[in-house]
Amino acid sequence: MEIIIEQQAGFCFGVVSAIETCERELAKNNALYCIGDIVHNSEEVERLKRLGLKIIEVGDLEKMRDCKVMIRAHGEPPATYLTAKRNNIEIIDATCPIVLKLQRDVKRGYEQMKQQNGQIVIFGKKGHAEVVGLEGQTDNTAVVVSKMEDLDKIDFLRPLHVFSQTTKSREEFETIVEQIRQRKQQLGKESELLVTDSICKRVGSRSKTLLEFADKVEAVLFVSGKHSSNGIYLYQLCKQHKPQTYLISSKEDISIEEMTKYNTIGISGATSTPMWLMEQIRDYVLEAFENHKL
């Protein structure tokens, strides 16, 4: 049996930076809190918890004072920073630079749309941490769409500026934008449509590299947290392309009996999947396969 790990898989630089920042703070033996899971991967979150990280909800900030709180790569809305300042909470800001730029662009777009009685539209997952942060830049007036049915929430008679969550599928974004453009055309208002392609280039290129990788192996173990929107999208994409694709979060999810059917197995993951976990799974499958032969 040969097992290959896709080298393009694993943490994006925004997640790497956030985790390194977290580890540096924890090494100082200071108490450190993080608003929500620092990354959508339970194995990595548990590792950091063992180092002392404490996960909190944004609502907990109201009751906290004089401590350090980390903002993860997904970012937070302005209200979070205001609460922290009011309660003398030191913010360790690990927001991804790409997300920070998008927040500034959305805020600027919102100010422009206000002058024209326009709307900000965000293609993303409602309730996702990044999207919550983006909505905050618009005083929570943005229209969030994730599927065609959501387009009915948009007032197409008003000027529109469309953005995307950084980790969404470029193909899906282009499809949504095309539908919006067609509706504006039907009303003779296509000139009142602005579109900003805010998808992270690394995430946008993952679809192509993943499918090319899948073609080189008989089966793919796709490692992802169950709550990673990027991971679930990439898994579903790979599954459609290669039916012998298995979604796993840890080695406990693997059927060794099933894996013995293949001579070559690929391991890949989301931008929130640590390389150490993919390597652990590779070693586990190889060892279990050897024991299975005995």
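Couple of notes before you dig in:
- Pairs spanning more than 30 Å between alpha-carbon atoms, out of Lys54/Lys101; Lys85/Lys126; Lys125/Lys208; Lys201/Lys261: Lys201/Lys261.
- The overall shape of the stretch 1-73 is prolate: from the C-alpha gyration tensor, with semi-axes ordered a ≥ b ≥ c, the ratio a/c is 1.5 or greater and a/b exceeds b/c.
- Anisotropy class of the stretch 237-294 from Cα gyration tensor, a/c 1.5 cut: oblate
- Cα-based shape type of the stretch 205-262, given that a ≥ b ≥ c are square roots of the gyration tensor eigenvalues and the cut on a/c is 1.5: oblate
- Amide hydrogen proximity for Val220: with H placed 1.01 Å from N in the peptide plane, the residues at 5 or more positions away or on another chain lying under 5 Å are Thr245, Tyr246, Gly266.
- Here the relative contact order of the chain, from alpha carbon pairs under 8 Å that lie six or more residues apart, stands at 22 percent.
- Reach of Lys114 by Cα under 18 Å, taken over aspartates and glutamates that are not fewer than 8 positions away in the same chain: Asp105, Glu135, Asp139, Asp155, Glu192
- Carbon + sulfur, % of accessible area of the chain - ligands and nucleic acids excluded, 1.4 Å: 49
- Accessible area (Å², 1.4 Å probe, nearest 10) - Ile232: 40
- Of every Cα-Cα pair in the chain, the percent that sits beyond 28 Å: 46
- Accessible area (Å², per residue) of the stretch 105-236, counting only protein heavy atoms and a probe of 1.4 Å: 46
- Cα-derived Rg over Rh, computed across the stretch 110-219 with Rh taken as Kirkwood radius: 1.05
The values are calculated or read from the model by the stated rules, or taken from the named source; none is laboratory data. All values reported here derive from a predicted model rather than from experimental measurement. For the accessible areas, the whole protein counts, side chains as well, though only heavy atoms, and no ligand, DNA or RNA atoms are used. Shrake-Rupley method; radii C 1.70, N 1.55, O 1.52, S 1.80 Å.
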